[in-house]
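The values are calculated or read from the model by the stated rules, or taken from the named source; none is laboratory data. Remember, predicted model here, so these are calculated numbers, not experimental data. Methodologically, a virtual Cβ is constructed for each residue, glycine included, from the backbone with ideal geometry; neighbour enumeration extends over all protein chains shown. Side chains are part of the model used for accessible areas, which takes the heavy atoms of the whole protein and leaves out ligands, DNA and RNA. Shrake-Rupley method; radii C 1.70, N 1.55, O 1.52, S 1.80 Å.
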Amino acid sequence: MRSLDESSRVKIITHMDRISSDFDAEVPFIDDQIREMQLDLHAFINSFDDSEIYDFLTGLFENSDNGPTRSQAFTALVQLPHRQPTDFLEKVLEHADSGWRLAACRTLGDLSERWRGEATQLLCLALLKDADPDVRFCAAESLGKVGNSYALTALQHAREHDQGKDYEGWPVASAAAKAIKAISS
């Protein structure tokens, strides 16, 4: 693994900015050119020492004013090959911005089998403790995808006691009931 020097840091930021500027918010999908640029960026990022790149990307995620760059850093952090993604996502679940907590819940629901135990625990905590009903709703939905029997107690509690509704008016309790059904079948 290479060491992360200043020119490499600049190259990463430049690539992230280029991807962000090439992405047209009016287009509802990422085109092949942007996808290729993202793959190239992630290959470049993964060529560095994990601890150095982790600290650098975490700094970008926490301190960048550019939303798309923060999003690129978030995605790269979750995909680092020699790091446990749940460590980073656990920190994001404590973020002040509920949008990032929501992104963490979605990402936890999409993790591979290898991380499902940790993902289930983190999603249960989000379901039971997050103040935002959108985050709790997403946590319940994600538990329906990755959850195991460990999640049933938290989901049953949410089904019986959570009166919150997501931004579209869907009850958290109904998402919990649906997740219970998915896990139990």
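Cross-link candidates for K181: which aspartates and glutamates have Cα within less than 19 Å, leaving aside residues fewer than 8 places away along the same chain?
The qualifying aspartates and glutamates are D110, E141, E160, D162.
How big is the dipole moment of the range 36-154 about its Cα centre under a simple scheme where the beta carbon of each Lys and Arg is +1, that of each Asp and Glu is -1, and everything else is neutral? Debye, nearest 20, please.
In debye, rounded to 20, the range 36-154 gives about 480.
Going by amide H atoms built from the backbone, whose H comes under 5 Å of the H on K165, apart from near neighbours?
Here V172 satisfy the definition.
Have a look at P81, P68, P133 and tell me which one the Gaussian network model of the chain (Cα, springs below 10 Å) gives the largest fluctuation.
P81
With the other protein chains left in place, how much accessible area per residue, in square angstrom, belongs to the range 38-110 at a 1.4 angstrom probe?
Roughly 44 Å² per residue, with all protein chains present.
Once ligands and nucleic acids are excluded and a 1.4 Å probe is used, how much of H161 is accessible, expressed in Å² to the nearest 10?
Estimated to the nearest 10 Å², H161 gives 110 Å².
Restricting the calculation to Cα positions, tell me the Rg (one decimal) and the Dmax (whole number) of the chain in Å.
Rg, Dmax (Cα atoms, Å): 17.8, 55.
Can you tally the net charge around F56? Count Lys and Arg as +1, Asp and Glu as -1, for every other residue whose Cβ sits under 13 Å from the Cβ of F56.
-3
Mean residue ellipticity at 222 nm from the helices of the chain, using -39,500 (n - 2.57) per DSSP H segment of n ≥ 4 over the full residue count, to the nearest 500 deg cm²/dmol?
For the chain, the value works out to -22000 deg cm²/dmol.
Hey, which lysines would be in cross-link range of K178, C-alpha to C-alpha under 21 Å, not counting anything within fewer than 8 residues on its own chain?
K129, K145, K165
Apply the Karplus parameterisation 6.51 cos²θ - 1.76 cosθ + 1.60, with θ equal to phi minus 60°, to every residue of the range 87-100 and state each ³J(HN,Hα) to the nearest whole Hz, in sequence, with x for glycine and proline.
Rounded to whole hertz, the list is 5, 5, 5, 4, 5, 5, 5, 9, 5, 5, 7, 5, x, 6.
For the range 129-137, in order, what is each residue's ³J(HN,Hα) by Karplus, 6.51 cos²θ - 1.76 cosθ + 1.60 with θ = phi - 60°, in whole Hz (x at glycine and Pro)?
10, 5, 6, 8, x, 5, 5, 5, 4
Mind listing the lone cysteines of the chain, meaning no other Cys beta-carbon sits under 4.7 Å from theirs?
Those would be C124, since no other cysteine Cβ in the chain comes under 4.7 Å of theirs.
Farthest toward the dipole's positive end in the chain, which of S47, I12, V135, given Cβ charges of +1 (Lys, Arg) and -1 (Asp, Glu) about the Cα centre?
Projecting each Cα onto the dipole axis, the largest value belongs to V135.
Please list 121-127, 167-173 highest first by mean number of surrounding beta-carbon atoms within 10 Å per residue.
Packing proxy ranking, top to bottom: 121-127, 167-173.
Carbon-plus-sulfur fraction of the accessible area of the chain, 1.4 Å probe, in percent?
Carbon and sulfur: 49 percent of the exposed surface of the chain.
I'd like the Karplus ³J(HN,Hα) series for the range 174-185: coefficients 6.51, -1.76, 1.60, θ = phi - 60°, whole numbers in Hz, and an x wherever there's a Gly or Pro.
Couplings: 6, 5, 5, 4, 5, 5, 4, 4, 5, 6, 6, 8 Hz.
Could you grab the relative contact order for the range 42-185? Cα pairs under 8 Å, six or more apart, rounded to a whole percent.
For the range 42-185, the relative contact order is 16 percent.
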